[in-house]
Amino acid sequence: MSLEDETGISNVVVMPDLFERYRLLINRERFLLINGKMQNMDGVLTVRAERVQPLNVTAVKTASHDYH
């Protein structure tokens with residue numbers, strides 16, 4: 001997954017077992033709060049997800065989840 005905030009985009013690694021545990025949240029929530037460890041390898045920032053939570057900040061609808 002990609003994590004975006006006001007500073008840019010970072011990669012989020014979600015291991016298969018964690019994805020299965022949070023599958024419904026990942027696929028249905030508009031915004032997610034990802035907790036995990038930040039890794040910096042060769043200047044590339046990656047978050048290794050440890051927990052996923054819904055983030056309810058707005059009632060604005062999003063157009064889609066784009067899976068590439």
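Nothing in this text is a laboratory measurement; each read-out follows from the coordinates by a stated rule. If you're wondering where the values come from, they're calculated on a predicted model, not measured in any experiment. Reconstructed Cβ throughout: ideal geometry from the backbone, glycine too, with neighbour counts over all protein chains shown.
For Val47, the residues whose amide H sits under 5 Å from its own are Asn11, Val12, Val13, Gln39, ignoring neighbours fewer than 5 places away on the same chain, with H placed 1.01 Å from N. For Ser10, Ser2, the sequence from fewest to most other C-beta atoms within 10 Å is Ser2, Ser10.
Rounded to the nearest whole Hz, the Karplus-based 3J(HN,Hα) values (6.51 cos²θ - 1.76 cosθ + 1.60, θ = phi - 60°) of the range 13-21 follow the sequence 9, 10, 5, x, 5, 5, 4, 4, 5, with x at glycine and proline.
For Leu32, the amide hydrogen comes within under 5 Å of the amide hydrogens of Leu55, counting only partners 5 or more places away or on other chains and with H modelled in the peptide plane.
Put a plus charge on the Cβ of each Lys and Arg, a minus charge on the Cβ of each Asp and Glu, and nothing anywhere else: the dipole of the range 2-44 about its Cα centre is then about 240 debye. Listing Thr46, Thr7 from fewest to most neighbouring C-beta atoms within 10 Å gives Thr7, Thr46.
Which shape class, rounded, prolate or oblate, goes with the range 1-53 when its Cα gyration tensor gives a ≥ b ≥ c as root eigenvalues, a/c under 1.5 marks rounded, and past that a/b bigger than b/c marks prolate? Here the range 1-53 falls in the oblate category.
Which loop GluC sites (Glu not before Pro) in the range 3-33, with loop taken from DSSP, have no more than 16 other Cβ atoms within 10 angstrom of their Cβ?
On the way: sites: Glu4, Glu6, Glu20, Glu29; in loops: Glu6, Glu29.
Of the GluC sites (Glu not before Pro), the ones in loops of the range 3-33 whose Cβ has at most 16 other Cβ atoms within 10 Å are Glu6.
By the count of neighbouring beta-carbon atoms within 10 Å, fewest first, Met1, Met38 end up ordered Met38, Met1. Residue by residue, the range 23-40 carries 3J(HN,Hα) couplings of 3, 5, 4, 4, 8, 10, 7, 6, 10, 10, 9, 9, 9, x, 9, 7, 10, 10 Hz when phi is fed to the Karplus relation 6.51 cos²θ - 1.76 cosθ + 1.60 (θ = phi - 60°); x denotes Gly or Pro. Using the beta-carbon distance between Val57 and Leu24 and R0 = 25 Å, what value does 1/(1 + (r/R0)^6) give for FRET efficiency, to the nearest 0.05? After rounding to 0.05, the efficiency reads 0.85.
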